[in-house]
Every structure is written in C-alpha cells, then in structure tokens.
Amino acid sequence: MARFAIVTSEEIPKQMPAAFRALLPEHDFALYPDLGAADAIDYAVAWKPPPGVLVGLKNLKAIFSFAAGVESFLSDPHMPRAVPIVRAVSDVSRATMSGYAMAQILRYHHKLDHYQRQQAERVWKKTMPREPAETTVTILGTGVLGADLAGRLLPFGFPVVGWSRNPKNIAGIRNLHGPASFDEAMKAGNIVVCLLPLTPQTKAILDARAFALMPAGGFVINMGRGMHVVAADLIAALDSGHLAGATLDVTEPEPLPPADPLWRHPKITITPHIAGLMPPRRIMQNMADTVRHCLKSGKFEHTADLDRGY
Ligand SMILES: NC(=O)c1ccc[n+]([C@@H]2O[C@H](COP(=O)([O-])OP(=O)(O)OC[C@H]3O[C@@H](n4cnc5c(N)ncnc54)[C@H](OP(=O)(O)O)[C@@H]3O)[C@@H](O)[C@H]2O)c1
C-alpha cells in the first residue's frame with residue numbers, strides 16, 4: 001500500500017480522498033493540510049500546490065499532476081527537483097483537446113460564422129468553399145496534444161505543418177523545429193493552432209510580427225496559455241482585416257475581466273479554458289489509470305522537466 005497526498009491551493013471536494021480510495025482501494029489518500037506524518041507520504045496528486053508544501057514531503061517518489069500544463073509546479077522555487085512530475089495525459093484528454101481544435105478548424109473552414117450572419121438576415125447565398133488542400137494548419141507544439149491533432153486533421157485533407165523545439169518525424173506532416181523555422185511555420189498557416197507550453201521562450205510568441213507572417217484571412221486558435229498571445233496585437237491584426245478570426249480558450253488573466261476588450265470583439269470567440277475540460281469522475285478515473293500503470297510498470301511517463309520548463 002502506498003500513501004498519497006492530494007495537494008492543491010484550489011477548492012476541491014472534501015470527499016476526494018474517499019473517491020480516490022474507491023478507485024485505488026489498494027492505496028491510501030489524505031487531503032492537504034491533513035496529511036498526518038509527512039515522511040510517510042509516497043506520492044502526491046497535485047495541481048497548483050501551495051509553494052513549499054511538496055518539498056516538505058521528504059520521501060516523495062513522484063507527483064501526479066491533475067493537468068497537462070505544469071507551470072504551476074515550475075513556478076515554485078522550492079520544488080523537489082529529483083521527483084518526477086507525471087503530467088495528466090490520456091486518450092480521453094487527447095480526444096477532448098483535439099475535438100475542440102477540430103470544431104474550431106471546421107467552423108472556420110465551412111464558414112459557419114458567415115452563414116450564421118446570413119441566417120440573421122435570412123439570406124440564402126452560397127459562397128464557394130476552399131478545398132481542405134488549400135488550407136494549411138500550422139500546429140505550434142507537436143507534443144502529446146499537437147501530434148494527436150495532426151493525426152486527426154490528415155484524413156480531412158488539410159496540409160499540416162508542425163513546429164516543435166527538437167526535430168520530429170510525425171508521418172504525413174511537414175515537421176519544422178527551432179526558432180529558425182518559426183517564420184516558415186507561421187507563413188504556411190492559414191490556421192495556426194497554439195499547443196505550446198508556457199515557457200520564457202514561448203511567452204508572447206504570437207505577437208504583431210507573428211500575425212503579420214500569416215497569410216491574409218488567417219485564423220488563430222490558442223489552446224496553450226493566455227500569455228502566448230499579445231492580446232493588443234491580435235486585436236490590431238483582426239481590426240486591420242489581415243486576420244479573419246481567433247478563438248481563445250485561454251486568456252491572461254483568467255477569468256478574463258468583464259471590461260477586457262477581447263470579450264466584445266466580433267471576430268474573437270472566447271471559451272473559459274474548457275478545451276480539455278472533462279467531468280471530475282473522468283479526471284479521477286484517468287488519474288487512477290495513470291497511477292496504476294506507473295506503479296505496475298515502475299516507469300513514469302509524460303514527465304515534465306524542470307530545467308526544460310515543460
Ligand atoms: N486549454 C486547455 O484546456 C489545455 C489542456 C491541456 C493542455 N493545455 C496546454 O497545452 C500544452 C501542450 O500540452 P502537451 O501535453 O502537448 O505538451 P508536450 O507533450 O510537452 O508538448 C509540448 C510541445 O511544445 C513544443 N515546444 C516547447 N517549447 C518550445 C519552443 N521553445 N519552441 C518550439 N516548440 C516548443 C515541444 O517541443 P519538443 O517536442 O521538441 O519537446 C512539444 O512539441 C500544455 O503545456 C498546456 O499549456 C491546455
């Protein structure tokens with residue numbers, strides 16, 4: 001039997017330890033701050049941990065994150081550096097995120113916003129479509145999520161360009177990597193989907209210069225983190241007519257304040273960080289599957305690297 005600590009600074013249901021015990025009856029779960037003997041904790045299940053708490057768990061063997069993005073751990077200067085952080089990755093999370101991206105991409109491709117406006121005017125008028133082959137989708141970040149999206153786009157006939165930090169060889173797409181090929185990736189993308197982690201290198205990566213590189217009439221989908229996009233530059237690129245639209249699932253800050261101009265922009269769709277949202281029951285089931293898999297195999301997969309920053 002291993003002992004788990006559930007550690008977060010967010011409001012979570014008090015019954016979570018009992019729910020985890022029901023999923024993993026062979027293990028014990030305690031909810032921070034009522035952890036009992038800190039040295040007896042083997043693993044943590046965590047998200048946005050209060051700084052300094054995890055380092056106090058001296059015998060921690062691994063941390064299981066509730067989320068795929070792990071910047072809330074990396075920003076803690078006291079994070080125990082030798083303890084692996086397992087990101088929340090599952091078939092369901094991949095399908096959920098890719099489904100959201102596909103919904104936005106197909107909405108743009110089928111001009112659904114245009115037809116919705118026509119419907120309001122009761123106008124029955126066809127606009128000739130572009131073929132998928134004429135619409136390149138650039139995916140910034142071809143990790144777990146970006147690679148999954150690429151695989152789902154190809155059967156539709158969209159050319160896909162992927163951009164990563166290290167060289168990749170994802171079948172069927174144009175694989176680009178590194179800062180030197182960023183411009184090429186942006187120039188190719190009629191649709192640009194951001195699935196990057198937030199790091200010093202990727203912060204504000206989607207700025208006026210990046211938008212200007214995109215072909216006219218382009219569409220931007222940000223599913224990474226709000227700080228990837230310079231909001232004022234996005235608004236300017238939309239107002240000038242260079243970009244046709246944008247969907248932002250993530251903003252800076254979150255929640256987006258009511259007075260923020262992003263809310264009211266007619267070419268921007270805002271969703272409240274729900275691209276990867278799943279019912280709590282599913283998140284816990286995925287977490288339990290990951291824990292069982294890691295403990296059985298003795299291997300921790302999809303781990304974040306503190307030095308790399310994601
Ligand atoms: N909106 C939501 O609800 C939601 C939900 C889940 C995740 N997310 C966001 O999605 C992000 C990606 O998740 P993931 O699971 O796919 O992460 P991942 O597997 O770590 O993939 C990250 C990708 O970004 C690339 N990358 C990182 N830094 C780069 C740089 N400086 N230049 C070029 N490429 C860079 C990586 O390149 P390499 O392959 O070379 O390492 C990798 O391909 C998360 O970090 C989080 O911010 C959002």
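Table for the structure above
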{"item": "Highest-first arrangement of 155-162, 169-176, where packing means the average Cβ count within 10 Å", "result": "155-162, 169-176"}
{"item": "Lys/Arg +1, Asp/Glu -1 at C-beta; region 227-310 dipole; positive extreme among Gly309, Gln285, Met227", "result": "Gln285"}
{"item": "Sites matching trypsin sites (Lys or Arg not before Pro) across region 42-99 that sit in DSSP coil, with at most 11 neighbouring C-beta atoms within 10 Å", "result": "Lys58, Arg81"}
{"item": "For region 108-259, radius of gyration divided by Kirkwood radius, i.e. Rg to Rh on alpha-carbons", "result": "0.98"}
{"item": "Distance between region 274-310 and region 39-71 - C-alpha centres, whole angstrom", "result": "13 Å"}
{"item": "Computed [θ] at 222 nm, helices only, for the chain once each DSSP H run of length n ≥ 4 contributes -39500 (n - 2.57)", "result": "-8500 deg cm²/dmol"}
{"item": "Range in the chain, longest, excluding exposed GluC sites (Glu not before Pro) [loop by DSSP; at most 11 other beta-carbon atoms within 10 Å]", "result": "122-310"}
{"item": "Rounded tilt (10° steps) of 91-109 against the dominant C-alpha axis of the chain", "result": "10 degrees"}
{"item": "Protection-proxy order for peptides 136-148, 275-287, each taking the mean of Cβ atoms within 10 Å per residue, highest first", "result": "136-148, 275-287"}
{"item": "Magnitude of the charge dipole, the chain, Cβ model with Lys/Arg +1 and Asp/Glu -1, debye to 20", "result": "700 debye"}
{"item": "Size of charge dipole - region 188-297 - debye, nearest 20, with Cβ of Lys, Arg +1 and Asp, Glu -1, no other charges", "result": "460 debye"}
{"item": "Helix axis angle, 144-153 relative to the chain longest principal axis, alpha carbon, degrees", "result": "40 degrees"}
{"item": "Selection from Ala180, Ala212, Leu196 lying farthest towards where the dipole of region 158-229 points positive, charges on Cβ", "result": "Leu196"}
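Values quoted throughout were computed directly from the atomic coordinates according to the rules given, and no laboratory measurement underlies them. As the structure is a prediction and not an experimental result, all values here were calculated from the model. We place every Cβ from the backbone using ideal geometry, glycine too, and count neighbours over all the protein chains shown.
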